[in-house]
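Below is one structure, written out as structure tokens; comments come after it.
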Amino acid sequence: MTKYKTHLLVCGGTGCRASASDDIVENLKQELENKGLQDEVQVVMTGCFGFCEKGPIVKVSPDNTFYTQVKPEDVTEIIEEHIIKGRQVTRLLYKDPKKKETVADSKHMDFYKKQIRIALRNCGFIDPENLDEYIARDGYMALGKCLSEMSPKDVVDQIKESGLRGRGGGGFPTGLKWEIAAKNEADQKYVVCNADEGDPGAFMDRSILEGDPHAVLEAMAICAYSMGATKGLIYIRAEYPLAIKRLIIAIDQAREYGLLGKEILGTDFEFDIELRYGAGAFVCGEETSLIHSMEGLRGEPTIKPPYPAEKGYLGKPTNVNNVETYANIPIIINKGANWFNKIGTEKAKGTKVFALAGKINNVGLIEVPMGTTLREVIFEIGGGIKDGKKFKAVQTGGPSGGCLTEKHLDTPIDFDNLIAVGSMMGSGGMIVMDEDDCMVSMAKFYLEFTVEESCGKCSPCRIGNKRLHEVLEKITGGKGEMEDIQRLRNMSNVIKDTSLCGLGQTSPNPILSTLDNFYDEYLDHINDKKCHAGQCKDLMTYFVIEENCVGCTACARVCPVGAIAGEKKQSHFIDPSICIKCGACEERCKFDAIIVK
Amino acid sequence: MAKIKTLADLKKMREDLQSKVDLREKADSPESYVQIKVGMATSGIASGAKDVMDFMIEALEKRNVEAVVTQTGDMGYCFAEPTIEVKKPGEDPIVFGYVNIQKADEIIEKYIKLGELVEGIIPVNYQVIDDK
Amino acid sequence: MNKVKLTIDDKQIEVEQGTTIYKAAKELGIEIPTLCYMNLEGLNIENKPGGCRICVVEVEGRNNLAPSCSTNVWDGMVVNTHSMRVINARRTVMEFILSDHPKDCLTCPKSGSCELQDMATKLGIREIPGQEYAEMSTYKTDFSPSIIRDLDKCIMCRRCEMMCNEFQTVGALSAFHRGFESAVGPAFEMDLEHSSCTYCGQCVAVCPTGALTEKDHTRDVINALSDPTKKVIVQTAPAVRAALGEEFGMEAGTLVTGKMVSALRRLGFDYVFDTDFAADLTIMEEGTELLDRITKYLGGDKEVKLPMLTSCCPAWVSFFEHHFPEMKDIPSTARSPQQMFGSIAKTYFADKISTKREDLIVVSIMPCLAKKYEAQRDEFKVDDNPDVDFSISTRELAHLIKEANLDLNILPDEDFDKPLGESSGAGVIFGTTGGVIEAAVRTAYELHTGKKLEKLDFEQLRGFEAIRKATVDFDGTPINIGIAHGLGNARKLLEEIKEGKSEFHAIEIMSCPGGCIGGGGQPLHHSDSSILKARSEAIYREDAGKPIRKSHENPYIIKLYEEFLGKPMSEKAHHLLHTAYFDKSKKIEMS
């Protein structure tokens, strides 16, 4: 075995690959070979490091240098300076935007300081396509421990004691779920992994599957052992080609090593896993819909009970957990429930992975202990709001969640706290909004999503969400009336109260929470016909500032509808009744003479 | 690849494979290991620093010393090259000059293992590499 | 079963564990409004997708409202079915549903019998907020030979889908598109004609709105009746007389044979005949075919196909042509009574009244929608002139009678015309499940054994059980008989035959629940299965009251053979009264 002195870890997550991290790896290997260093320096393509804002990332071990926004053409410099001469390439190091200092290693970055990586422990650390590296990190030791030292009941008890709750949105206690599935006798049972991540902006499940696929396979095997199942299914959306590829490789390797299949680790335990592809319907994240979709039926929910643990896939007891939940399992078994349940809060143990997106400096994937406050996440880890703008709101829980404001920033994040303040954990999406975001438009955006994603089975969700969206269209279109607010509230409450599944039961949340927290903004739109954030086109008017206009006629020439008139070298004016608010004139004007408000 | 038949096989395999990633594990918490930085600017390489580094890596592993060996640029003591900086957990770093393989061996055996000082310490007001 | 106690609207009740809130409330006399829910008790047909959310109730300790149709009770449950929260939710949901439903009630075929309309009336809906800017989902209307689908009116109750997939296992209908655009129809939005649809009409029978209706042929009938150059004759299927009265406010199970005849005569039909006559004829042909096959089989002929399957039901014929084409030589080759009637009418009878084929219009009144399709099949045409010109359903007949300003309640009883109006009790029972085979047994027994049957009522063949089995002793030869109603049940028997495990000599199959009395053209049962049972009882009552109860004793049948056909299975009979089947499994294609 070659003993490498230096490891170059290159992020191979979907985001960084889109920024040519494949080429970076290629160039690194080529350059090392050119310099005859291929036996001294190992290049490893890992899973996601999380700091997507600054990707692609190249990390150098053992001196722990963290290069950001690396381009394929930077490779020569990294090899010549860092590897050969031992000098860090300063220009590629992370610069702390607050302290204006460069930070050479990730440990000292605000982004990583408060994180505890449990579910993401191997992401950005090992080569996900190499089972040996997973084994080197105690891979499959937990399964081995279960099979040789623990009874199925012991396993369930450990998971129960750990306090782990489902990371997919509901927060149902995982151990309890396993226990129910274990208690239901059947000739065949199934373990299902829900990898149908659907929240806009959320990509933690994808990252785990891309960065540490074996953790999920191992956890499913452990679950299978605990409940007496022999078959596993991973329901993954077809839009995740890289995750699918890595899962296929991982499953093949695990079979080759005898870690999936018959007589695993010399015991009579048998378990194997197949992939099932989803077409990316949001509602298929709901477990009964997911099961129907896997059965080849229409992806729509059915009423529970019966729960999948009683009657699931093909009518057999089935345990469904999501990717992140499974990713916690092996380490809980290895380190013990008591290690895990010391992390987090009273009612929520462990960590949660969040996908930070929106108007935040450090867009990316983070993992923090339950109980971390929103403020810590947004302002410390997330590095605050982009371009020094003012924080306005954060939407947690995706389209099912609500938006939280300044006054909620010190809320310690856990399942119950977020519900108490009118939002929810969901799968961990966190979209940050600044002063330029219109909250009515934001609510409309989410409704558009739910209207699109409703399966159509129950009337309130199928039709009600459409009607909500129409009222929001009316308000943002400048035709709102005060009675619309009452209608929005009533329809929202009824849709929540009567919908069949979680989608409809939560879809009005963005409306209700913006009505609660940004009521004045609705009034501005309805009474004053104004959108102060400047996002609702229909409520805006384009003006020419006379003193700035030199009469160059550029705006009049670019206007597609002939709404601008004026003599040469004299101030022009815009006829608001013709103007379609396309903004072409504003863009064209070189004298800042056209404004919109 | 043959199938892993028992948990013992898996454990053995893990021991064998751990060296593949221990470099990365140590990198995540270098302060709990002996950290050795070898000055490797052009002048350092010319004066044999690379051989010293290779020797250190191999010797430390053979002698079961948990250490992180990294290279660094010019340490500012060209006169005394090759130079190495050794930082034991919880202690201040010390820089040694004129390190050849024999000297390196002595540093491992006496300073790192037993805490005895050996000749060749550069005692002046130096800058530690991190401050540079 | 364990009992659980619960409280609904402050009333206590004890019910069996596993009961739904809806059913528990019903026991207390509380009728919770429902829309998508449907239960045909005793027939194992239940639709409870929990989709419409009209039946929601408040359950103490539960966060959201519970759909009462699909939520089971628990001990100590406290339910409120009419709290202000429930009333507001129900109304708002109803407004949602109506906001996406056309408002052309005046001209809707379902007007007056529409469950959505009834619910709107019950809830007192007067306006739909936001309707002026509410988008409506629209689809193209599908016109098939039997059924019209106007999906703009679909409310996604999924009843049709359940009937088509679970009860009939035809699989022609399923939900397509997602969200607001969702509706139910054939895959890839094909037309019914290009799907595996059998036109059984059970989707129409359960549709709560005007989304699925029969193709209306009443205008064609009116036009024919107004044409002085045509002789227009009519035949009425057995199940019609047991249900038509319901359309005129009579109790289910009221027999209106005589009143129906007099209504038809007043409508201007030149002759009012009875499909029951043709049913007797069917027994002569089919019974003879059965005896022939059994005799050959018992004689050691390995080529002969057994069991023989009945072939009266056109949806059933389509079903095996689509789904079991490899077995198309097993059913009897005998045409259905509707088609035997048409064939005899346009030959034997046309000659009798010296009318040319093209000047004779044959109208059939059927409990069925597949009969519309059957009448159009090419095998049943001579020089492009169909044996049966128009087939209208019981519901359409009711409309015709009402349109003509006639009140069935006060019309006198009149008799069918001769010769094609005479029938035996055996012909009557064709209208209910088990009836065809009972009629066949009455004749086959006597023809085979040469003995007179002591007891004509074969109770073991009657009833509503999905699949029934009976062995009839043919004087030492045990004949095993199977009966299935519903194509899903038929499928089970077909699979057995395919696997070579079938023990039967003869099997009767009818597509609709309860047989023709539950056909897709009958007055709507609105999920009340007691109506079907009452109709069935009426049919047996009619049989019991008939002076002649065996087909081979019908004097006009005897005369028909003497004067025209010769004997059963003769060449002429073969030509006029038998047919062939076709492989239609490939027909399912993209339109």
Item to check | Candidate set: the range A:497-524, residues that are aliphatic (A, V, I, L, M) and touching a residue at least 24 places away in the same chain (Cβ under 8 Å); chosen: the one nearest to the other protein chains (Cβ to nearest Cβ) | outcome: A:LEU500
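With the requirement that a residue be over 19 Å from the mean Cα position of the chain (by Cα) and either part of a loop (DSSP other than H, G, I, E, B) or under 23 Å from A:GLU295 (Cα atoms) (or both), what does the range A:205-218 give you?
Applying the first criterion (over 19 Å from the mean Cα position of the chain (by Cα)) to the range A:205-218 yields A:214, A:217-218.
Result: A:LEU217, single match.
Taking the range A:191-236 as the region of interest, how many residues are of a type in the set (S, T, N, Q) and either within 15 Å of A:ILE159 (Cβ to Cβ) or out of contact with any strand residue (DSSP E or B) (no Cβ under 7 Å at 6 or more places or on another chain) (or both)?
Going through the range A:191-236, the residues of a type in the set (S, T, N, Q) turn out to be A:194, A:207, A:226, A:230.
Checking which are either within 15 Å of A:ILE159 (Cβ to Cβ) or out of contact with any strand residue (DSSP E or B) (no Cβ under 7 Å at 6 or more places or on another chain) (or both) leaves us with A:226.
The total comes to 1.
Can you tell me which residue among C:THR229, C:THR209, C:THR295 is of a type in the set (S, T, N, Q), in a loop (DSSP other than H, G, I, E, B) and surrounded by fewer than 22 Cβ atoms within 10 Å (Cβ to Cβ)? I'd like the intermediate steps shown before the answer.
Values: C:THR209 fails: surrounded by fewer than 22 Cβ atoms within 10 Å (Cβ to Cβ); C:THR295 fails: in a loop (DSSP other than H, G, I, E, B).
On inspection, the qualifying residue turns out to be C:THR229.
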Next on the checklist: Based on this model, can you work out whether A:GLY534 counts as over 17 Å from A:ALA443 (Cα atoms) and part of a loop (DSSP other than H, G, I, E, B)?
Outcome noted: no
Next on the checklist: So, in the range A:460-496, how many residues would count as being without any contact (Cβ under 8 Å) to a residue 12 or more places away in the chain and either within 7 Å of chain C (Cβ to nearest Cβ) or charged (D, E, K, R) (or both)?
Outcome noted: 7
Next on the checklist: With the condition being of a type in the set (Ser, Thr, Tyr) and touching a residue at least 60 places away in the same chain (Cβ under 8 Å), I'd like the helices (runs of 4 or more DSSP H) fully within the range C:473-591 carrying at least 3 qualifying residues.
Outcome noted: C:529-544
Next on the checklist: So for the range A:322-331 (the condition being touching a Gly at 6+ places or on another chain (Cβ under 8 Å), within 14 Å of chain B (Cβ to nearest Cβ) and touching a residue at least 24 places away in the same chain (Cβ under 8 Å)), does at least one residue qualify?
Outcome noted: yes
Checklist entry - Among the residues of the range A:8-40 satisfying the criterion of being more than 26 Å from A:PHE203 (Cα to Cα) and surrounded by 20 or more Cβ atoms within 10 Å (Cβ to Cβ), which is farthest from the other protein chains (Cβ to nearest Cβ)? => result A:ASN27
Item to check | Filtered residue count, the range A:78-127, keeping only those that are part of a helix (DSSP H, G or I) and either within 14 Å of another protein chain (Cβ to nearest Cβ) or basic (Lys, Arg) (or both) | outcome: 14
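Considering each residue of the range B:49-73, count those that are outside any helix (DSSP H, G or I) and either within 17 Å of B:THR83 (Cα to Cα) or within 12 Å of chain A (Cβ to nearest Cβ) (or both), and give that number. Break it down stepwise before answering.
First, the residues of the range B:49-73 that are outside any helix (DSSP H, G or I): B:63-73.
Subset that is either within 17 Å of B:THR83 (Cα to Cα) or within 12 Å of chain A (Cβ to nearest Cβ) (or both): B:66-73.
Of the residues in that region, 8 qualify.
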Checklist entry - Quick one: A:LYS189 ticks every box in (1) under 21 Å from A:ILE333 (Cα atoms); (2) in contact with a helix residue (DSSP H, G or I) (Cβ under 8 Å, 6 or more places away or on another chain); (3) at pLDDT 95 or above bar one, so which box is it? => result (1)
Checklist entry - Which one of the conditions (1) surrounded by fewer than 17 Cβ atoms within 10 Å (Cβ to Cβ); (2) assigned to a helix (DSSP H, G or I); (3) without any contact (Cβ under 8 Å) to a residue 12 or more places away in the chain does A:ASN338 fail to meet, given that it meets all the rest? => result (3)
Checklist entry - Failed condition for A:TYR67, given (1) within 12 Å of another protein chain (Cβ to nearest Cβ); (2) at pLDDT 90 or above, with all others met? => result (1)
Next on the checklist: Looking at A:GLU406 and the list (1) acidic (Asp, Glu); (2) within 12 Å of another protein chain (Cβ to nearest Cβ); (3) in contact with a Phe, Trp or Tyr (Cβ under 8 Å, 6 or more places away or on another chain), which single condition is not satisfied?
Outcome noted: (2)
Checklist entry - Can C:ALA239 be described as closer than 22 Å to C:ASP389 by Cβ and touching a Gly at 6+ places or on another chain (Cβ under 8 Å)? => result yes
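Rundown of residues vs (1) within 26 Å of C:ASP216 (Cα to Cα); (2) in contact with a helix residue (DSSP H, G or I) (Cβ under 9 Å, 6 or more places away or on another chain), yes/no style:
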| site | (1), (2) |
| --- | --- |
| C:TRP74 | no, no |
| C:MET77 | no, yes |
| C:ARG85 | no, yes |
| C:MET94 | no, yes |
| C:SER111 | yes, yes |
| C:GLU115 | yes, no |
Checklist entry - What is the one condition in (1) within 30 Å of C:CYS313 (Cα to Cα); (2) in contact with an Asp or Glu (Cβ under 9 Å, 6 or more places away or on another chain); (3) at pLDDT below 95; (4) of a type outside the set (Val, Ile, Thr) that C:SER146 does not satisfy? => result (3)
Next on the checklist: Looking for something within 13 Å of another protein chain (Cβ to nearest Cβ), touching a residue at least 40 places away in the same chain (Cβ under 8 Å), more than 18 Å from C:ARG85 (Cβ to Cβ) and assigned to a loop (DSSP other than H, G, I, E, B) - is there at least one such residue anywhere in the range C:19-29?
Outcome noted: no
Checklist outcome for this item: When the range A:133-190 is checked residue by residue, the ones that are basic (Lys, Arg) and either within 14 Å of chain B (Cβ to nearest Cβ) or in a helix (DSSP H, G or I) (or both) are A:ARG137, A:LYS145, A:LYS153, A:LYS160, A:LYS177, A:LYS183
Item to check | Long-range neighbours under 7 Å by Cβ, at least six apart or interchain, first residue within 11 Å of another protein chain (Cβ to nearest Cβ) within the range C:75-101, second in a helix (DSSP H, G or I) and polar (S, T, N, Q) | outcome: C:ALA89/A:THR498; C:THR92/A:ASN490; C:VAL93/A:SER459; C:VAL93/A:THR498; C:PHE96/A:SER459; C:ILE97/A:SER459; C:SER99/C:GLN131
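The values are calculated or read from the model by the stated rules, or taken from the named source; none is laboratory data. Owing to the predicted nature of the structure, the values given are computational and were not obtained by experimental measurement. Positions of Cβ are backbone-derived with ideal geometry, glycine not excepted, and every protein chain shown enters the neighbour counts.
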